[in-house]
Each structure stands twice: as C-alpha cells, then as structure tokens.
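S.K.: Pasting a structure below so you can have a look.
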Amino acid sequence: MREKNSKRVVIIDDIDSGSIEQAIFILRNSGIPNRSAGNSIVSEAERIIHAYVQTMERTQKGISKREERSRRRKKQRSWRGIASVGIALGCFAVAAGLLFHYMGSILSGF
C-alpha cells in the first residue's frame, strides 16, 4: 500500500472577470502558510500569471507573423508563375517572328 501526501488545493470561484472563470492553485507541502506568507503567495501567483500572459502574447504574435510571411510567399509565387508564363510567351513570339522572317526571306529567294 502506498501512502500519498495530500496537496493543498485552493479553488477560487465567482471571480468578477470577463475572461477568467475559475482559478485553481495547488500549494506545495512545505508547511501551512501563515498570514504574512499570504502576500508572497499572491505576488507569486501574479508573477506566474503575468509570465503566462506574456508567453501567450508572444506566441500569438509569432503565429501572426508566420501567417503573414506565408501569405507573402504565396503572392510572390503566384507573381513568379505569371511572370514565367509571360516570359515564355514572349520568347515564343520572338521565335515565331524570327521563323516567319527567315521563312519569308528563303521563299522570296525562290
């Protein structure tokens, strides 16, 4: 049989917030925090939440930048395709013009 230490779980409901429904904190078993330690727990929770929000904002910005780069590359590829077709048609037109020119000069010699 294994003995498991119970954890202290603090669940905060009924938060007056438009984005947070519930907050859950699991405290370490390093003793029961006294009244003066309460402020340090609150400041630590604020620090953790602040770091999480900053990470999420950076991640979201990174995704947005990646999506924008992807869109730009797709546009560049489509313009490259159009330019390639235009160049190929131009070369074909020049080749056809040269062919008709030389064919005309050869036939006029007969």
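S.K.: Count the lysine pairs in the chain whose Cα atoms lie under 28 Å apart, taking only pairs 8 or more positions apart in sequence or on different chains.
M.R.: Count of close lysine pairs: 4.
S.K.: For region 46-53, in order, what is each residue's ³J(HN,Hα) by Karplus, 6.51 cos²θ - 1.76 cosθ + 1.60 with θ = phi - 60°, in whole Hz (x at glycine and Pro)?
M.R.: Along region 46-53, the couplings run 4, 4, 5, 5, 4, 5, 5, 4 Hz.
S.K.: What's the whole-number percent of alpha carbon pairs in the chain lying beyond 19 angstrom?
M.R.: Considering the chain, 74 percent of its Cα-Cα pairs are separated by more than 19 Å.
S.K.: Then there's this: Which of these, 20, 41, 82, has the largest mean-square fluctuation under a Gaussian network model of the chain (Cα springs below 10 Å)?
M.R.: 20
S.K.: Shifting gears a bit: Quick one: among 54, 22, 76, which has the greatest mean-square fluctuation in a GNM of the chain with alpha-carbon springs under 10 angstrom?
M.R.: 22
S.K.: Sticking with this structure for a sec: Can you tell which of 43, 70, 17 shows the greatest fluctuation in a Gaussian network model of the chain with Cα springs below 10 Å?
M.R.: 17
S.K.: Rounded to the nearest 20 debye, what is the charge dipole size of the chain about its Cα centre when +1 sits on each Lys and Arg Cβ and -1 on each Asp and Glu Cβ?
M.R.: Its charge dipole is roughly 580 debye.
Read-outs throughout are calculated quantities, based only on the coordinates presented, and are distinct from any laboratory measurement. Bear in mind the structure is a predicted one, so any value in this text is a computation, not a measurement. Using ideal geometry, Cβ is built from the backbone for each residue, glycine included, and neighbour counts are taken over all protein chains shown.
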